[in-house]
Amino acid sequence: MFSYRHAFHAGNHADVLKHTALVATLRHLALKDTGLTFVDTHAGAGVYRLDSEHARTSGEAADGIARLHASTDALCAALQDYREVVRSFSAPGALRHYPGSPFIAQRLLRAHDRVRLFELHPTDSRALDSHVR
């Protein structure tokens, strides 16, 4: 099995793009009353510590979410919304916890929506089970 560990890449520039689109899409879909089912086939551990050894090894978050978090530039509405969702997982001013797609979906979906998460990596699968209600 190819062993991809998202913890090494959490918060990188690709995550910023992917999760900004996810937040905007979920917000738009939730405008209708109809229930949604969110399926993530590569859920990873669900949430990541940006101060962990894994994240520090690659340092990829520095050019992704850390840069966006520290930015004082005017941002488009989608980036502002995404940044606020990410900030809601850490103490004010800090950027310690980074939500993956499972946690973003769990935060934005409504009580009548459903979330289905799948992860093949055994360590990340166990972490996901312990992190997600």
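The values are calculated or read from the model by the stated rules, or taken from the named source; none is laboratory data. Note that the coordinates shown come from a computational prediction; the quantities given were computed from them, not determined experimentally. Every residue, glycine as well, gets a Cβ built from its backbone with ideal geometry; the counts of neighbours run over all protein chains shown. The protein model used for the area step is the full one, side chains on, heavy atoms only, and it has no ligands, DNA or RNA in it. Shrake-Rupley method; radii C 1.70, N 1.55, O 1.52, S 1.80 Å.
Structure above, values below:
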read-out: Protein accessible area in the chain, 1.4 Å probe - carbon and sulfur %; value: 56 percent
read-out: For Tyr48, residues with placed amide H under 5 Å, excluding near neighbours; value: Tyr98, Gly100
read-out: Only Lys, Arg (+1) and Asp, Glu (-1) charged, at Cβ; the chain dipole about Cα centre in debye; value: 280 debye
read-out: Whole-number percent relative contact order across the chain, with pairs defined as alpha carbons under 8 Å at least 6 apart; value: 42 percent
read-out: Listed residues Gln106, Leu128, Gly93: farthest to the positive end of the dipole of the chain (Cβ charges); value: Gln106
read-out: For the range 101-115, Karplus couplings with θ = phi - 60° (6.51, -1.76, 1.60), whole Hz, Gly/Pro x; value: 3, x, 6, 4, 4, 4, 5, 9, 7, 8, 4, 8, 8, 10, 10
read-out: Heavy-atom accessible area ranking, 1.4 Å probe, most first, across Asp51, Asp113; value: Asp51, Asp113
read-out: Residues with amide H under 5 Å from that of Val115, placed H, sequence gap 5 or more; value: Phe38
read-out: Dipole-positive endmost among Leu50, Thr37, Ala7 within the chain (Cβ charges, Cα centre); value: Thr37
